[in-house]
Amino acid sequence: MEKKQYVLGTYGRAPITMERGEGSYLYDTTGKRYVDFCAGIATCCLGHCHPVVVEALEKQAHKLMHCSNLYGIPEQEELAELIVRRVVGIDGQIFFCNSGAEANDGIIKVARRFGHRHPAMDGTPRYEVLTFNKSFHGRTLGSMAATGQRKVQVEFDPLLTGFRYVDFNDMEALRATVSKETCGIMLEAVQGEGGVNPVEPEFLREVAELCQEKDLLLMLDEVQCGFARCGAMMGWQAICPDIQPDLISCAKGIGGGFPMGCFWVSNRSIDDSGTPLSSIMTPGSHGSTFGGTPLACAVSHAVVNEMLRLDLAARAKKSGEHIKRTVKGWRFPCVETVRGLGLLRGVALKPGSFAVPEGKTPAAHVNDLCREAGLLACPAGPDTLRLIPALNIPEEVLDEGLGILRAVLGSLV
């Protein structure tokens, strides 16, 4: 018996109910099997019910699940070291939370405290963070205000002040928007929700230079594009590996399907006295009851180790190029291009090239057709179908999913 009436209707759910998952397949309650190119929206990076995840969960659950951040947590310290040394590769410190929105709220708080410690020339605190149109940073009040999409902000006014939005990859517009109140610039290496739009290498390099010039923090949202998704352990490393970010937010793939997030703060000096940026976050400045539990950290440690052991970043790069080459090779009139990096890919649909039911966007319509045919994907804006399968998806399953996609797109011609 369905009991949907007890669940708040904040999601536009598909007319199916999932029962179990295995690798890159999901099965609904009728027994129908789907090739999963959604992976929990880039979260189930090792697929469903991977033995590494299940074993880590079971082992740690028998030992200690939660005890509070009032005490030392060895699993947390070991995971933090792994992320700093093997994922980010730059000296810094980690705060653990539960989601990407929380992680983004955290780096916004760090930026504002930095702006108080490093005020404008007239002594007034700097508090403004510049973000970009079509960005997505979450749905909490803070992360929603940082998001450059009005559709997620409707009727939640007044928004948290201190954000202004600029066109992505437009350096002239960005420079013109920096004010005396600006303390940081926040961007995604690849705008996942906004259409799978990668940052241009030269733009990212110039943003980093602008931050140095104006004493601003370079804030990278790696929630969707981090942890091997884009062909490197971090999305920015796949685009412009020589830059030095100040703050990085992470979630999704870090836990392999288990709720987990974190943000990284650089240890770089922010004054002549050698004060590390990370040191400005002192006891009481931030916290999370469930952030970094022994259970979450044990699972995440196992997931990240598996990524590194199997070099899933390189595998994502190879598989992503296969997707791009294959889809573009079909030469369907309905496909404008294929955007993205690694296994964060967007099939851009050509407006007006096929009929769309009233009330549906082209991407939502194609997504529905794919689901009915046995392929799970998800839209990224009105005209882009997003393909974000597990990083370790077998080649034969990847081709099976692409075969379904080809049949669907071919039916639109």
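Values quoted throughout were computed directly from the atomic coordinates according to the rules given, and no laboratory measurement underlies them. Fair warning: this is a prediction, and the values are worked out from it, not measured in the lab. In this analysis, Cβ positions are derived from the backbone assuming ideal geometry, glycine residues included, and neighbour counts consider all displayed protein chains.
A few remarks follow.
- Whole-angstrom gap from the stretch 307-361 to the stretch 207-246, using each part's C-alpha centre: 23 Å
- In the stretch 54-310, lysine pairs with alpha-carbon atoms under 27 angstrom apart (chain gap of 8 or more, or interchain): 13
- Karplus-derived HN-Hα couplings along the stretch 76-93 (A = 6.51, B = -1.76, C = 1.60, θ = phi - 60°), whole Hz, x at Gly and Pro: 5, 5, 5, 5, 4, 4, 4, 5, 4, 7, 9, 9, 6, x, 10, 4, x, 10
- Global geometry of the stretch 173-310, whether rounded, prolate or oblate, following the gyration tensor of its Cα atoms and the 1.5 cut on a/c: oblate
- Simple Cβ-charge dipole of the stretch 1-103, Lys/Arg +1 and Asp/Glu -1, about Cα centre, in debye nearest 20: 420 debye
- With a Förster radius of 30 Å applied to the C-beta separation of T361 and L310, the computed FRET efficiency comes to 0.25.
- Acute angle (nearest 10 degrees) that the helix 312-330 long axis makes with the longest principal axis of the chain, alpha-carbon atoms: 50 degrees
- Legend: ranking of residues E336, E19 from fewest to most surrounding C-beta atoms inside 10 Å; resulting order E19, E336.
- Sequence-separation-based contact order of the stretch 54-310, relative, with Cα cut under 8 Å and 6+ spacing, percent: 28 percent
- Lys, Arg +1 and Asp, Glu -1 on Cβ, resulting dipole of the stretch 54-310 about Cα centre, debye, nearest 20: 460 debye
- Computed on the stretch 148-234, with alpha-carbon pairs under 8 angstrom and 6+ residues apart, the relative contact order is 26 percent.
- The trypsin sites (Lys or Arg not before Pro) of the stretch 325-413 that DSSP puts in a loop, and whose beta carbon has at most 15 other beta carbons within 10 Å, are R331, K360.
- The C-alpha atoms of the chain define a longest principal axis, and helix 201-214 lies at about 20 degrees to it.
- Neighbour-limited loop hits for chymotrypsin sites (Phe, Trp or Tyr not before Pro), the stretch 11-87 (at most 15 other Cβ within 10 Å; DSSP other than H, G, I, E, B): Y11, Y71
- Each 5 Å bin from zero up to the one holding the largest Cα-Cα distance in the stretch 54-310 carries the following percent of pairs: 1, 6, 14, 18, 20, 17, 12, 7, 3, 1, 0, 0.
- Cα gyration tensor, the stretch 73-168 - rounded (a/c under 1.5), prolate or oblate: oblate
- For the stretch 305-402: rounded, prolate or oblate by the Cα gyration tensor [a/c cutoff 1.5]: prolate
- Nearest-ten-degree value, helix 51-61 long axis tilted from longest Cα axis of the chain: 50 degrees
- Residues H301, H322 in ascending order of nearby Cβ atoms (within 10 Å, fewest first): H322, H301.
- Here the Gaussian network model covers the chain, with springs between Cα atoms less than 10 Å apart; of L218, L402, L376, L402 fluctuates the most.
- Taking K324, K59 and counting other C-beta atoms within 10 Å, the order from fewest to most: K59, K324
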